[in-house]
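Report on the following structure.
The values are calculated or read from the model by the stated rules, or taken from the named source; none is laboratory data. Predicted, not measured: the structure shown is a model, and the values here were computed from it. Note that we place each Cβ from the backbone using ideal geometry, even for glycine, and neighbour counts take in every protein chain shown.
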Amino acid sequence: MDAVTDKATRQYRPPAIPDVELRGFWGERADAVSAKTVHILLDRCAEAGMFDQIDPSRPVPEQRLKFHRREGKESTVTTQMFWDSDVAKALEAAAYAVHRRRDPALEARVDEIIAMFAALQREDGYCNSWYLRMQPGKEWTNLRDCHELYCAGHLMEAAVAYHQATGKRVLLDVMCRYADLIDRKFGWGEDQMQGYCGHEEIELALIKLGREVNEPRYLELAKFFVDVRGQQPHYFDEEAKRRGASPDGFVHGTHEYSQSHKPVREQDRVVGHAVRAMYLYSGMADVATEFNDNSLTAPLETLWADVTQRQMYITGGIGPEEHNEGFSDPYHLPNDTAYAETCASIALAMWASRMLGRGPDREYADVMETAFYNGALSGLSMDGGQFFYENPLESHGHHHRWDWHRCPCCPPNIARAVTSIGTYMYGVADDALAVHLYGASKARFTLGGSAVTIEQETEYPWDGRIKLTIGTDGPARFALSLRLPGWCADPSVTLGGEAVDLSGTEGTGYVTIEREWSDGDVVTLDLPMAVTALRADPRVRADRGRSALTRGPLVYCMEGADNDVTLDTVLLNGGLDKAETVPLPALGDAVGFRLPVTVETHEDWGRALYRTTAPTVTAGQGTFVPYHLWDNREPGEMLVWLRTH
């Protein structure tokens with residue numbers, strides 16, 4: 001059977017939360033988040049005092065967190081300014097949890113918090129607890145530093161999620177009134193502000209809100225925030241002057257930090273804070289999809305290449321530096337000091353997903369998969385109770401998950417990512433469906449005017465066989481595009497037991513079958529998973545002479561818990577064909593593998609610290625576990641990149 005290439009111009013959008021029922025691998029993780037993580041998030045928000053600040057029925061609290069200070073720099077920022085966003089992400093995760101498993105107590109708690117925001121909202125629509133309660137009268141005076149529109153964006157995303165999950169409109173209506181105010185306040189008009197947020201987020205949130213309530217004004221406002229960024233005279237400089245502050249006296253000292261150093265269509269290099277960059281590019285990609293704006297295509301593709309070809313860890317982690325939580329020089333990817341913030345991997349996956357809005361392309365979906373399964377998922381413990389903020393690729397036994405964090409953006413972010421993964425699995429057009437991620441699930445769509453279900457039966461990511469069963473009420477014509485992952489050397493696809501020709505799929509990396517589908521049609525993918533050794537570009541100094549092992553979409557590592565040697569004495573010596581998969585009972589029966597390795601020994605080294613001869617080596621067996629599962633057992637070493645014999 002011949003496949004066809006999807007060349008038609010289509011706009012693909014993500015499904016709503018209720019459209020996809022997670023099972024298997026992601027279902028188990030969503031259950032852990034629903035049962036445990038969301039309760040922890042809300043409890044910790046309460047303990048931090050966030051609701052004291054948000055709830056107008058309580059006395060105005062004292063400021064609890066100090067302003068960030070650096071010598072000679074303007075002190076304007078405290079993480080307390082963006083508490084609204086931390087609560088919003090927790091609410092979004094709770095919305096997905098409420099939809100997944102009925103929990104009247106959790107739903108009542110969410111409704112109570114939403115009521116706080118409804119009561120907080122000013123008559124004109126303004127809704128930000130910091131400026132209404134802690135610093136009243138200073139709203140819209142420091143967009144560069146104070147996360148005002150960023151907080152609004154996360155609240156909008158939470159409102160859409162809760163509306164989709166429960167049908168309740170209270171928060172949605174609050175956020176529509178807020179969006180209406182922002183639409184009146186910002187724009188190209190003479191009486192409007194030509195400003196934008198120092199921390200991007202509202203761009204993509206307005207697209208999500210506009211789609212949910214079918215309001216084109218919100219889409220246009222998102223486009224404005226994309227188009228106005230970095231224009232001259234620079235808004236942040238003029239804003240600082242109006243406050244009586246020095247334009248260059250702020251903490252980070254460069255507009256590259258917020259990707260506002262140039263208009264977006266002139267940007268050709270990824271710089272600054274990693275999460276901010278990814279959120280901006282996500283918004284740009286959404287605008288490109290909604291407005292068929294080809295002027296954004298070239299810069300997006302250039303920026304994508306810069307990230308994925310010069311500045312991305314093998315895990316999908318990005319942003320190696322702690323000082324700016326972001327990017328440094330090309331190919332600077334240290335392993336033991338990698339910052340690689342959990343939020344940044346999630347944001348990279350968000351950008352990749354939105355790059356798929358104009359059609360299937362394996363280049364984006366493969367990175368999305370890598371980031372979710374490795375760089376992002378490592379940020380959450382198996383039981384959903386502890387979190388990584390930084391995600392190094394090497395540890396000497398001193399890096400462990402947090403119960404919480406002084407800047408608690410990552411815990412609710414990974415919680416909402418895990419529980420909403422179904423919205424990333426598919427792209428839906430009027431008469432087409434793209435399957436970007438594989439995982440046990442059942443999804444419902446309307447395609448070509450017909451109700452359609454697609455059920456995935458699979459043990460993915462442990463096994464590469466996927467059975468997709470199509471359900472329809474009657475004949476339904478649509479295009480079904482299936483990703484053939486770049487990690488798989490020899491994929492095969494059958495329809496009704498008949499082989500599908502994959503010879504025309506080189507362009508997009510997807511096989512597209514366009515036909516009239518009948519109830520019960522079955523498509524099967526076979527994606528053999530071999531243990532593969534990958535090497536880094538020689539310009540990545542930290543990885544010279546080393547290899548990392550992968551199997552399917554997962555990056556693997558060695559842990560001290562399984563290997564009774566100093567990990568950096570282990571040498572890979574080939575032998576991948578002798579790798580044997582093994583179950584890992586202590587890690588939820590995940591699939592690991594063992595293979596022959598060589599180990600350097602110090603037993604006969606003697607007393608001298610240095611000598612002229614090489615150390616003695618012995619034969620051994622190395623056990624490897626999925627990177628995202630490390631540090632779920634007793635403390636110990638971890639290593640991704642191993643020396644090669």
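Given the structure, is ALA115 closer than 24 Å to THR419 by Cα and surrounded by 14 or more Cβ atoms within 10 Å (Cβ to Cβ)?
Judged against the criteria, ALA115 is a match.
Which is loosely packed, with under 15 Cβ neighbours inside 10 Å, modelled with pLDDT of 95 or more and not in a loop (DSSP other than H, G, I, E, B), of ALA108, ALA95, ALA90?
Checking each option against the conditions leaves just ALA108.
Residues in the stretch 618-631: is at least one outside any loop (DSSP other than H, G, I, E, B), in contact with an Asp or Glu (Cβ under 7 Å, 6 or more places away or on another chain), closer than 24 Å to HIS396 by Cβ and at pLDDT 95 or above?
Among the residues of the stretch 618-631, at least one is outside any loop (DSSP other than H, G, I, E, B), in contact with an Asp or Glu (Cβ under 7 Å, 6 or more places away or on another chain), closer than 24 Å to HIS396 by Cβ and at pLDDT 95 or above, which makes the answer yes.
Could you please find all residues in the stretch 306-363 being more than 24 Å from TRP402 (Cβ to Cβ), under 13 Å from the mean Cα position of the chain (by Cα) and of a type in the set (Ser, Thr, Tyr)?
Once the filter is applied, which keeps residues that are more than 24 Å from TRP402 (Cβ to Cβ), under 13 Å from the mean Cα position of the chain (by Cα) and of a type in the set (Ser, Thr, Tyr), the stretch 306-363 yields only SER353.
Could you tell me how many of the residues in the stretch 276-311 are in a helix (DSSP H, G or I) and in contact with a strand residue (DSSP E or B) (Cβ under 8 Å, 6 or more places away or on another chain)?
5
I need a count of the residues in the stretch 348-396 that are part of a helix (DSSP H, G or I) and either of a type in the set (A, V, I, L, M, F, W, C) or at pLDDT 95 or above (or both). Working first, answer last.
Step one: of the stretch 348-396, the residues part of a helix (DSSP H, G or I) are 348-358, 362-379.
Restricting the remaining residues to those that are either of a type in the set (A, V, I, L, M, F, W, C) or at pLDDT 95 or above (or both) gives 348-357, 362-379.
Adding up the residues that qualify gives 28.
Tally the residues that are of a type in the set (Lys, Arg) and without any contact (Cβ under 8 Å) to a residue 60 or more places away in the chain, restricting the search to the stretch 136-162.
Of the residues in that region, 1 qualify.
Being crowded, with 19+ Cβ neighbours inside 10 Å, in a loop (DSSP other than H, G, I, E, B) and over 21 Å from the mean Cα position of the chain (by Cα) narrows it down to one residue among GLY189, GLY210, GLY195; which is it?
Unique residue meeting the criteria: GLY195.
Is it true that some residue in the stretch 234-242 is free of Cβ contacts under 8 Å to residues at least 40 places away in the same chain, part of a helix (DSSP H, G or I) and touching a Leu at 6+ places or on another chain (Cβ under 9 Å)? Step through it out loud before you land on a result.
In the first step, residues of the stretch 234-242 are kept if they are free of Cβ contacts under 8 Å to residues at least 40 places away in the same chain; the result is 234, 237-238, 241.
From the residues that got through so far, the ones that are part of a helix (DSSP H, G or I) too are 237-238, 241.
Applying the additional criterion that residues be touching a Leu at 6+ places or on another chain (Cβ under 9 Å) yields none.
Taking every residue of the stretch 234-242 in turn, none turns out to be free of Cβ contacts under 8 Å to residues at least 40 places away in the same chain, part of a helix (DSSP H, G or I) and touching a Leu at 6+ places or on another chain (Cβ under 9 Å).
Sort out which residues of the stretch 601-616 are touching a strand residue (DSSP E or B) at 6+ places or on another chain (Cβ under 9 Å) and either under 21 Å from ARG535 (Cβ atoms) or among the charged types (D, E, K, R) (or both), and write them in order of number.
Of everything in the stretch 601-616, those that are touching a strand residue (DSSP E or B) at 6+ places or on another chain (Cβ under 9 Å) and either under 21 Å from ARG535 (Cβ atoms) or among the charged types (D, E, K, R) (or both) turn out to be GLU603, ASP604.
Tally the residues that are without any contact (Cβ under 8 Å) to a residue 40 or more places away in the chain and surrounded by 19 or more Cβ atoms within 10 Å (Cβ to Cβ), restricting the search to the stretch 118-135.
Selection size over the stretch 118-135: 1.
Being part of a strand (DSSP E or B) and over 20 Å from ILE17 (Cα atoms) is the filter here; which residues of the stretch 441-467 pass it?
THR458, ARG465, ILE466, LYS467, listed by residue number.
Every residue in the stretch 305-363 that is crowded, with 24+ Cβ neighbours inside 10 Å, closer than 19 Å to SER547 by Cα and of a type in the set (Lys, Arg), please.
none
Which count do you get for residues in the stretch 468-491 that are closer than 26 Å to VAL582 by Cβ and either of a type in the set (Lys, Arg) or assigned to a strand (DSSP E or B) (or both)?
0
Hey, does the stretch 171-185 have a residue that's part of a loop (DSSP other than H, G, I, E, B), over 25 Å from the mean Cα position of the chain (by Cα) and crowded, with 18+ Cβ neighbours inside 10 Å?
Checked against the condition, which is being part of a loop (DSSP other than H, G, I, E, B), over 25 Å from the mean Cα position of the chain (by Cα) and crowded, with 18+ Cβ neighbours inside 10 Å, the stretch 171-185 yields no hits at all.
Please work out if SER381 is surrounded by fewer than 22 Cβ atoms within 10 Å (Cβ to Cβ), farther than 20 Å from LEU280 by Cβ, of a type outside the set (Asp, Glu) and in contact with an Asp or Glu (Cβ under 9 Å, 6 or more places away or on another chain).
The answer is yes for SER381.
Examine the stretch 562-581 for a residue that is surrounded by 17 or more Cβ atoms within 10 Å (Cβ to Cβ) and touching a helix residue (DSSP H, G or I) at 6+ places or on another chain (Cβ under 6 Å), and state whether such a residue exists.
Scanning the stretch 562-581, I find no residue that is surrounded by 17 or more Cβ atoms within 10 Å (Cβ to Cβ) and touching a helix residue (DSSP H, G or I) at 6+ places or on another chain (Cβ under 6 Å), so the answer is no.
With the requirement that a residue be touching a strand residue (DSSP E or B) at 6+ places or on another chain (Cβ under 9 Å), within 23 Å of PHE372 (Cβ to Cβ) and outside any strand (DSSP E or B), what does the stretch 572-600 give you?
LEU587, ASP589
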